[in-house]
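> Please read through the structure below; I'll follow up with questions.
The values are calculated or read from the model by the stated rules, or taken from the named source; none is laboratory data. Small disclaimer: the values here were computed from a predicted structure and weren't measured. For neighbour counting, all protein chains shown are included, and Cβ atoms are generated from backbone atoms with ideal geometry for every residue, glycine included.
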Amino acid sequence: MVKYHSGGVFLKNGALINKADTDLPKPETAREGTIAYKIMRAHDQSNRSNKMRLKFDALLSHDITYVGIIQTVRASGITKFPLPYVLTNCHNSLCAVGGTINEDDHAFGLSAAKKYGGIYVPANIAVCHQYIREKLTSCGGMILGSDSHTRYGCYGTMGIGEGGGELAKQLLGNTYDVDAPEVVLVWLEGSVRKGVGPHDVAISLCKTVFADGLVKNKVLEFAGPGVKDLPMDFRIGIDVMTTETSCLSSIWITDEKVKQYYDMVGRPDSFKELRPDDTAYYDSMITIDLSSQECMIALPFHPSNAYTIKQLQADPLGILSKVQEECNRSLEGQVELSLTEKIADGKVFADQGIIVGCSGGMYDNLVEAAAILDGAGTGNGIFNLSVYPASAPINLAITKDCTAETLMQAGAVMKTAFCGPCFGAGDTPSHNALSIRHATRNFPNREGSKPGEGQISAVALMDARSIAATALNGGIITAATDVDYETNPHEYVYDDTIYQKRVYNGFNKPDPNTNLILGPNITDWPTFYALGDNLLIKLAAVIHDDVTTTDELIPSGETSSYRSNPIRLSEFTLSRRAPEYTGISKAIRELDQRRRAGDTPSEVIDILAAVSHDPLTLAKTTDVVSCLFARKPGDGSAREQAASCQKVLGGGANICYEYATKRYRSNCINWGIIPFTIGRDNPFAYETGTYIFIPDIREAIRSGKENIPAKVIGQQTRNAGGQAEDIVLHLTGLTENEKSILLDGCLMNFYKAGHAGI
């Protein structure tokens with residue numbers, strides 16, 4: 001189905017060629033001929049260097065990210081948004097948690113759109129990415145969003161999802177700085193069979209490339225003869241899930257179907273044909289044979305933990321026992337998940353089915369799910385099916401053509417455009433339930449789970465077609481290719497009347513006289529300080545999981561209601577993975593507060609005595625901060641709060657073997673958290689409570705030093721009065737701006753100091 005091929009490949013006139021048989025340009029020259037590089041270079045301010053400095057055409061945020069971003073740029077003196085900035089309200093749309101605070105954020109968003117000239121999409125009108133697809137994409141464009149699934153490649157737009165700090169930089173006239181990425185050719189061949197959907201292809205792609213980081217921080221470029229037969233909804237269904245491969249962005253060739261799409265949504269001028277140059281070089285290649293694609297299921301706790309449904313049907317006990325063991329090992333005894341109890345008579349039963357959001361709630365998915373369920377029912381047992389169209393125009397279309405009627409008659413519950421089930425704020429499963437979802441993620445501790453309180457649920461990803469087939473069979477996991485059904489071809493009739501009547505489009509029309517509406521939960525950031533000359537870090541959590549997700553760093557779900565309140569939100573940091581972290585970090589923060597007030601605690605003096613004969617003097621120039629160690633932190637969401645909450649609690653550093661995503665590392669930098677790494681050849685055997693002293697850290701960052709000597713001061717060393725242990729931390733690839741941000745203490749301080757502000 002999906003195969004990865006290492007080593008570079010050339011395309012010549014749209015065809016794969018043998019490198020050895022042809023007179024070809026140098027790879028670095030021919031890489032400029034990819035669609036990806038042609039688009040990025042058109043947005044690059046760096047004069048074709050290996051470090052790109054990008055400016056985007058438009059920005060996107062939703063209602064659990066835009067408040068913090070606007071508060072940041074407001075503190076920097078912004079008077080208007082210099083480019084289209086869309087504020088959607090698709091995450092905290094329920095307005096059912098925490099009193100008035102969710103709707104207070106929405107009121108703030110509308111007032112900000114009026115004051116600064118933004119575009120405001122009210123709650124339940126569209127999920128963020130669908131609105132962008134229908135209204136702002138363009139062939140050759142680039143869009144930056146504060147949501148990790150910012151992907152519009154099949155529409156000819158390169159989308160990148162990042163933390164809010166990177167959007168603040170764009171709003172303040174700065175650039176998005178990134179190493180010139182490698183480009184991976186994704187070569188599509190063949191045609192899909194009936195019953196196979198985009199999620200099946202996407203899950204297979206994640207399975208092939210994620211675990212070994214084969215496309216991490218690279219751009220996926222889709223081409224090949226298999227593209228032409230894929231409808232646009234199928235293409236975006238694959239494209240939006242490229243985020244789960246940990247790639248930087250994606251782009252596709254554009255063709256007549258893309259042109260027809262832009263004609264349909266009333267923006268014909270947004271289309272142009274995108275093709276690689278006559279000769280283009282790709283650093284590696286993935287081939288996808290669509291004809292052999294099977295129906296898939298991604299079992300907990302990752303989209304790459306994938307099997308064909310046939311494999312699961314053939315060996316349910318073996319597969320679920322293995323997955324259950326892996327899941328419970330990651331939960332470290334907090335609670336036991338039982339997947340094998342979902343087996344009855346040799347078949348696997350699900351408790352719930354959800355078709356939702358930017359991946360599942362597309363028109364074609366809903367039409368085909370309805371065709372499978374036409375005239376049938378989902379049963380009156382525990383299994384239930386909920387359907388969330390991705391936008392009001394899609395909802396209107398399925399209402400007019402009776403697709404919604406067919407789904408409702410089968411027992412499905414129709415809901416509005418909402419992202420909640422993707423991150424744990426809607427249709428939360430019951431304890432130990434198995435929910436099958438055409439959604440983007442199935443991470444641990446995401447969909448309502450609270451292991452520390454004995455609550456756990458499991459989510460498996462499946463395509464809408466197989467979810468409908470499962471509903472048809474009363475919850476028995478079923479591949480849509482095993483169901484005999486008649487497709488009822490429909491064509492999406494786009495009607496944006498509701499956008500015209502409900503969306504506030506204030507771009508280029510700022511009204512400085514508008515007052516921002518600030519609810520009681522919308523608070524300013526606490527004071528952060530510039531980096532001291534030296535750094536004393538204390539480990540507040542040591543996590544040895546293979547990967548630590550942003551959902552574990554700061555949980556989603558009900559915590560999202562407090563993302564406008566940095567102090568209160570910080571209380572949830574690592575609460576579902578290392579709940580002791582918050583208390584430990586606060587205690588470390590108090591040590592530094594006392595030091596700054598001239599009352600240096602004896603604990604700090606005792607620690608510094610291991611590295612200095614005059615610890616009291618040394619303490620005056622030494623910041624005391626908490627630190628997180630994780631092997632590979634930051635997989636998943638773009639949420640900057642995974643870093644900012646650590647900062648609020650007194651965090652000043654992360655140490656890891658590698659960062660799971662560029663966006664998490666960027667978030668750390670933007671919040672003044674130094675992103676150290678350590679070599680895997682030096683296994684991290686230190687425990688929570690260990691101190692590490694880093695002398696002259698300010699000068700090391702200022703001068704660009706990448707290998708930084710440090711001293712480990714553990715309890716044993718202190719008790720014995722012995723010498724501290726030498727280690728080397730690494731801090732590689734910082735740009736000049738990133739150095740300044742770390743030295744200033746965070747991005748807000750960087751702008752307050754007048755560095756590259758408006």
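> In segment 395-421, what residues are assigned to a helix (DSSP H, G or I) and closer than 17 Å to residue 440 by Cβ? Spell out how you get there, then give the answer.
Keep residues of segment 395-421 that are assigned to a helix (DSSP H, G or I), which gives 395-400, 403-409, 420-421.
Matches in segment 395-421: 420, 421.
> Condition first: within 23 Å of residue 462 (Cβ to Cβ), out of contact with any strand residue (DSSP E or B) (no Cβ under 7 Å at 6 or more places or on another chain) and among the polar types (S, T, N, Q). Now tell me which residues in segment 198-244 satisfy that.
Scanning segment 198-244 gives no hits.
Quick grid of which residues meet (1) at pLDDT below 95; (2) under 24 Å from residue 532 (Cβ atoms); (3) in contact with an Asp or Glu (Cβ under 6 Å, 6 or more places away or on another chain); (4) not assigned by TED's automatic domain parsing to the domain that holds residue 590:
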position: 640; (1), (2), (3), (4): yes, yes, no, no
position: 643; (1), (2), (3), (4): yes, yes, no, no
position: 650; (1), (2), (3), (4): no, yes, no, no
position: 681; (1), (2), (3), (4): yes, no, no, no
position: 686; (1), (2), (3), (4): yes, yes, no, no
position: 700; (1), (2), (3), (4): no, yes, no, no
position: 705; (1), (2), (3), (4): no, yes, no, no
position: 709; (1), (2), (3), (4): no, yes, no, no
position: 725; (1), (2), (3), (4): yes, yes, no, no
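> How many residues does segment 741-758 contain that are part of a helix (DSSP H, G or I) and over 26 Å from the mean Cα position of the chain (by Cα)? Don't jump to the end; show me each part of the working.
We begin by selecting, within segment 741-758, every residue part of a helix (DSSP H, G or I); these are 741-744, 747-752.
If we keep only those that are over 26 Å from the mean Cα position of the chain (by Cα) as well, we get 743-744, 752.
Qualifying residue count, segment 741-758: 3.
> Can I ask one more? Among the residues of segment 119-153, which ones are surrounded by fewer than 24 Cβ atoms within 10 Å (Cβ to Cβ), in contact with an Asp or Glu (Cβ under 9 Å, 6 or more places away or on another chain) and not in a loop (DSSP other than H, G, I, E, B)?
Listed by number, the residues that qualify are 134, 135, 142.
> Just to verify a result, which residue in segment 199-228, among those that are of a type in the set (Asp, Glu) and in contact (Cβ under 8 Å) with a residue 40 or more places away in the chain, is nearest to residue 479 (Cα to Cα)? Even if it seems obvious, please write down each step before you answer.
Residues of segment 199-228 that are of a type in the set (Asp, Glu), as a first pass: 200, 212, 221.
After this cut, where a residue has to be in contact (Cβ under 8 Å) with a residue 40 or more places away in the chain as well, the list is 200, 221.
Working: 200: 10, 221: 29 Å.
In this case the residue turns out to be 200.
> What single numbered condition from (1) of a type outside the set (Lys, Arg); (2) touching a Ser or Thr at 6+ places or on another chain (Cβ under 9 Å); (3) farther than 30 Å from residue 221 by Cβ fails to hold for residue 129?
It fails just one condition, (3).
> Hey, among 560, 570, which residue is surrounded by 21 or more Cβ atoms within 10 Å (Cβ to Cβ) and out of contact with any Gly (no Cβ under 9 Å at 6 or more places or on another chain)? Full working, then the answer.
Values: 560 fails: out of contact with any Gly (no Cβ under 9 Å at 6 or more places or on another chain).
After applying the criteria, what remains is 570.
> Against the definition (touching a strand residue (DSSP E or B) at 6+ places or on another chain (Cβ under 6 Å) and either modelled with pLDDT of 90 or more or surrounded by 24 or more Cβ atoms within 10 Å (Cβ to Cβ) (or both)), how does residue 656 come out, yes or no? Before the answer, list the steps.
Details: touching a strand residue (DSSP E or B) at 6+ places or on another chain (Cβ under 6 Å): yes; either modelled with pLDDT of 90 or more or surrounded by 24 or more Cβ atoms within 10 Å (Cβ to Cβ) (or both): yes.
Criteria met by residue 656.
> Another question, if that's okay. Run down 50, 92 and say which single residue is more than 30 Å from residue 295 (Cα to Cα), in contact (Cβ under 8 Å) with a residue 60 or more places away in the chain and in the same structural domain as residue 200 (by TED's automatic domain parsing).
Working: 92 fails: in the same structural domain as residue 200 (by TED's automatic domain parsing).
The conditions single out 50.
> When residues of segment 181-226 are filtered for being under 19 Å from the mean Cα position of the chain (by Cα), of a type in the set (A, V, I, L, M, F, W, C) and either farther than 28 Å from residue 33 by Cα or surrounded by 22 or more Cβ atoms within 10 Å (Cβ to Cβ) (or both), how many remain?
Number of matching residues: 10.
> Taking the condition of being touching a residue at least 60 places away in the same chain (Cβ under 8 Å) and either more than 12 Å from residue 300 (Cα to Cα) or touching a Lys or Arg at 6+ places or on another chain (Cβ under 7 Å) (or both), how many residues in segment 332-348 meet it?
So the first thing to find is which residues in segment 332-348 are touching a residue at least 60 places away in the same chain (Cβ under 8 Å), and the list is 334-339, 341-342, 347-348.
From the residues that got through so far, the ones that are either more than 12 Å from residue 300 (Cα to Cα) or touching a Lys or Arg at 6+ places or on another chain (Cβ under 7 Å) (or both) too are 334-336, 341-342, 347-348.
So the answer is 7.
> For residue 376, indicate whether it is assigned to a helix (DSSP H, G or I), in contact with a helix residue (DSSP H, G or I) (Cβ under 7 Å, 6 or more places away or on another chain) and surrounded by fewer than 24 Cβ atoms within 10 Å (Cβ to Cβ). Outline the logic, then answer.
Values: assigned to a helix (DSSP H, G or I): no; in contact with a helix residue (DSSP H, G or I) (Cβ under 7 Å, 6 or more places away or on another chain): yes; surrounded by fewer than 24 Cβ atoms within 10 Å (Cβ to Cβ): yes.
So residue 376 fails the test.
> Any idea how many residues of segment 329-370 are modelled with pLDDT under 90 and part of a loop (DSSP other than H, G, I, E, B)?
Count: 8.
> For residue 245, state whether it is among the β-branched types (Val, Ile, Thr), closer than 21 Å to residue 447 by Cα and in the same structural domain as residue 151 (by TED's automatic domain parsing).
Values: among the β-branched types (Val, Ile, Thr): yes; closer than 21 Å to residue 447 by Cα: yes; in the same structural domain as residue 151 (by TED's automatic domain parsing): yes.
So residue 245 passes the test.
> How do the pairs read when you match residues in segment 352-365 that are on the phi > 0 side of the Ramachandran plot with residues anywhere that are assigned to a helix (DSSP H, G or I) and surrounded by 24 or more Cβ atoms within 10 Å (Cβ to Cβ), using Cβ under 8 Å and keeping only pairs 6 or more apart or on different chains?
Listed pairs, sorted by first residue: 357/421; 357/422.
> Of the numbered conditions (1) in a loop (DSSP other than H, G, I, E, B); (2) touching an Asp or Glu at 6+ places or on another chain (Cβ under 8 Å), residue 199 fails exactly one; give the number of that condition.
Every condition holds for residue 199 apart from (1).
> Whether any residue in segment 23-40 is assigned by TED's automatic domain parsing to the domain that holds residue 150, at positive phi and surrounded by fewer than 17 Cβ atoms within 10 Å (Cβ to Cβ) is what I want to check.
Residues of segment 23-40 assigned by TED's automatic domain parsing to the domain that holds residue 150: 23-40.
Right, trim to at positive phi and you get none.
There is no residue in segment 23-40 that is assigned by TED's automatic domain parsing to the domain that holds residue 150, at positive phi and surrounded by fewer than 17 Cβ atoms within 10 Å (Cβ to Cβ).
> Test residue 288 against the stated conditions and say whether it is of a type in the set (Val, Ile, Thr), more than 28 Å from the chain's Cα centre (by Cα) and closer than 22 Å to residue 466 by Cβ. Steps first, please.
Values: of a type in the set (Val, Ile, Thr): yes; more than 28 Å from the chain's Cα centre (by Cα): no; closer than 22 Å to residue 466 by Cβ: yes.
For residue 288, the condition - of a type in the set (Val, Ile, Thr), more than 28 Å from the chain's Cα centre (by Cα) and closer than 22 Å to residue 466 by Cβ - is not met.
> Tell me, yes or no, whether segment 459-474 has at least one residue that is under 27 Å from residue 123 (Cβ atoms) and within 20 Å of the chain's Cα centre (by Cα).
So in segment 459-474, the residues under 27 Å from residue 123 (Cβ atoms) come out as 459, 461, 464, 467.
Subsequent filtering for residues that are within 20 Å of the chain's Cα centre (by Cα) retains 459, 461.
Within segment 459-474 (the criterion being under 27 Å from residue 123 (Cβ atoms) and within 20 Å of the chain's Cα centre (by Cα)), the answer is yes, since at least one residue qualifies.
> Restricting the search to segment 541-560, which residues are over 20 Å from residue 148 (Cβ atoms) and small (Gly, Ala, Ser)?
541, the sole residue that qualifies.
> Could you go through segment 727-746 and let me know if any residue there is β-branched (Val, Ile, Thr), under 22 Å from residue 148 (Cα atoms), touching a strand residue (DSSP E or B) at 6+ places or on another chain (Cβ under 9 Å) and at pLDDT 90 or above.
Looking only at segment 727-746, we keep the residues that are β-branched (Val, Ile, Thr), and these are 727-728, 732, 735, 741.
So of that shortlist, the ones also under 22 Å from residue 148 (Cα atoms) come out as none.
The answer is no; no qualifying residue exists.
> Select from segment 378-433 the residues that are touching a Lys or Arg at 6+ places or on another chain (Cβ under 7 Å) and hydroxyl-bearing (Ser, Thr, Tyr) and write down the one among them that is farthest from residue 341 (Cα to Cα).
388
> Contact list please: Cβ distance under 8 Å, first residue in segment 610-638 and more than 29 Å from residue 680 (Cα to Cα), second residue part of a strand (DSSP E or B), pairs at least six apart or on different chains.
Close Cβ pairs (under 8 Å, with a partner that is part of a strand (DSSP E or B)) amount to 618/534; 621/534.
> Residue pairs, Cβ under 7 Å, 6 or more apart or interchain, first in segment 107-128 and over 18 Å from residue 510 (Cα atoms), second part of a helix (DSSP H, G or I) and not hydroxyl-bearing (Ser, Thr, Tyr). List them.
Qualifying pairs under 7 Å: 122/502; 123/106; 125/392; 125/498; 125/502; 126/392; 127/357; 127/358.
> May I ask you to list the residues in segment 458-485 that are crowded, with 23+ Cβ neighbours inside 10 Å and either part of a loop (DSSP other than H, G, I, E, B) or touching a Gly at 6+ places or on another chain (Cβ under 7 Å) (or both)?
462, 463, 464, 465, 467, 470, 471, 475, 477, 478, 479, 480
> For segment 89-115, enumerate the residues that are at pLDDT 90 or above and under 18 Å from residue 146 (Cα atoms).
89, 105, 106, 108, 109, 110, 112, 113
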